1. Neighbour counts of other C-beta atoms within 10 Å: give me Tyr304, Tyr51, Tyr121, Tyr146 arranged from fewest to most.
2. Cut-off is 10 Å between beta-carbons; in what order do Cys199, Cys66 appear when sorted fewest neighbours first?
3. Once you charge only the Cβ atoms, +1 for Lys and Arg and -1 for Asp and Glu, what is the size of the charge dipole of region 203-318 about its Cα centre, to the nearest 20 debye?
4. Could you give the radius of gyration (one decimal) and Dmax (whole number) of the Cα atoms in region 233-318, in Å?
5. Helix 129-141 versus the longest principal axis of the chain: what angle, 0 to 90°, nearest 10, using Cα atoms?
6. What order do you get for Ser229, Ser266, Ser212, Ser310 when you list them from fewest to most C-beta neighbours inside 10 Å?
7. Which percentage, to the nearest 5, of the DSSP beta bridges contained in the chain is antiparallel?
8. Would you please give the FRET efficiency between Lys114 and Thr62, computed as 1/(1 + (r/R0)^6) with r the Cβ-Cβ distance and R0 = 25 Å, to the nearest 0.05?
Amino acid sequence: RPVVTRPETQAIDMNSRSNTLADREIVPSDQTFGFLGLGMMGSTIVKDLIYTGHKVVVWNRTIDKCQPFVEAGAEVKDTPMDVVEAADVIFCCVSDPKGAKDLVFGNCGVLQLKDLNNKAYVEMSTIDPETSLDIGEGIKQCNGRYLEAQIHGSRQDAADGMLIILAGGDRTVFEDCHSCFKTIAKNTFFLGTDVGNACKVNLILQTILGVSMVGLAEALALADRFSISLKDIIDIFDLTSMRSPMLLAKGKEMAKGDFNPQQPLSHMQRDLRLVLNMAENLDQSMPVTSITNEVFKHTKRLGYSEHDSSAVFVRSRF
Ligand code: NA7
């Protein structure tokens, strides 16, 4: 069992800006935007929203993480419910479906405010279609409007303003979010008014990513057993028609043993679990994804939850 050092938690650099912002001519909406969840994704997004002139109200479970945003001009509230009271459009960006549901249905959650008075709720946490339907139903029953806006991309993509937004649900909310999405994303797709579709598309993309990454890790581990230089393999791979920016970047991280979390391994395994649950409900056979999930699950057990998904290479080398 390898000795694993946890990746360093990187403090958010409030002064950094994505280069793409200068070219986008963003006219900030005059609505007030609430933001629940200031993890790596949430804080990067909020930082750019403030910079582009949006009025932002924030809340995070660990309150200390709010301080840099107060200094940057955001208002902080004590509970999710307080954020909803103060904002017109509320984004949520937390780790998993359970966290996303807690913030809506839990104590001091969004729905404690019985009448949302046409306010908009936007779910950015990666969730499964059922969770999204439940949240959407709850919001609608309290006179709110709901949009699922799944974010596809790494933490670096967020820092670069290069996310892809996959949205579904209430079109008016999608329009209300225009200047925010333009700030953080290179592309935004509205996938229809049916809640759940955007979650499905996001999880399908994650399946491609997870399966590819495990294939890459196994192939590089075999090269390593033959003592073939991983750098040579990657340089040659770069010349082939198989090359993709993502696989190239992940291959380089595997070769260097640099697993700085761009997309944490725990998030990848969560996504594969959600994919397999979706497939189970349809009797859809996904043997390769099942094995991929097992590989990530085992790598988690080895202590690599918080590292990048590319740490799956460590397991393949055993
Ligand atoms: P991080 O950096 O791991 O941050 C996770 C955030 O979620 C952080 O703000 C957590 O609060 C919050 N969290 C987690 N569980 C809960 C519960 N139960 N209640 C309230 N808040 C919670 O993840 P990322 O920012 O990289 O990713 C966030 C999402 O974006 C994820 O779904 C990705 O797939 C896309 P904490 O600071 O620990 O108190």
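Each reported figure results from applying straightforward, stated rules to the coordinates on display, with no laboratory input. Every value quoted in this text rests on a predicted model; they were computed, and no experiment measured them. Virtual Cβ from ideal backbone geometry, glycine too; neighbours counted across all protein chains shown.
1. Final ranking by Cβ density, sparse to dense: Tyr51, Tyr146, Tyr304, Tyr121.
2. Least crowded to most crowded, the residues run Cys66, Cys199.
3. About 240 debye.
4. Calculated on Cα positions, Rg and Dmax stand at 14.2, 42 Å.
5. That works out to roughly 0 degrees.
6. Going from least to most buried by this count: Ser229, Ser212, Ser266, Ser310.
7. Counting DSSP beta bridges with both partners in the chain, the antiparallel share is about 25 percent.
8. 0.35
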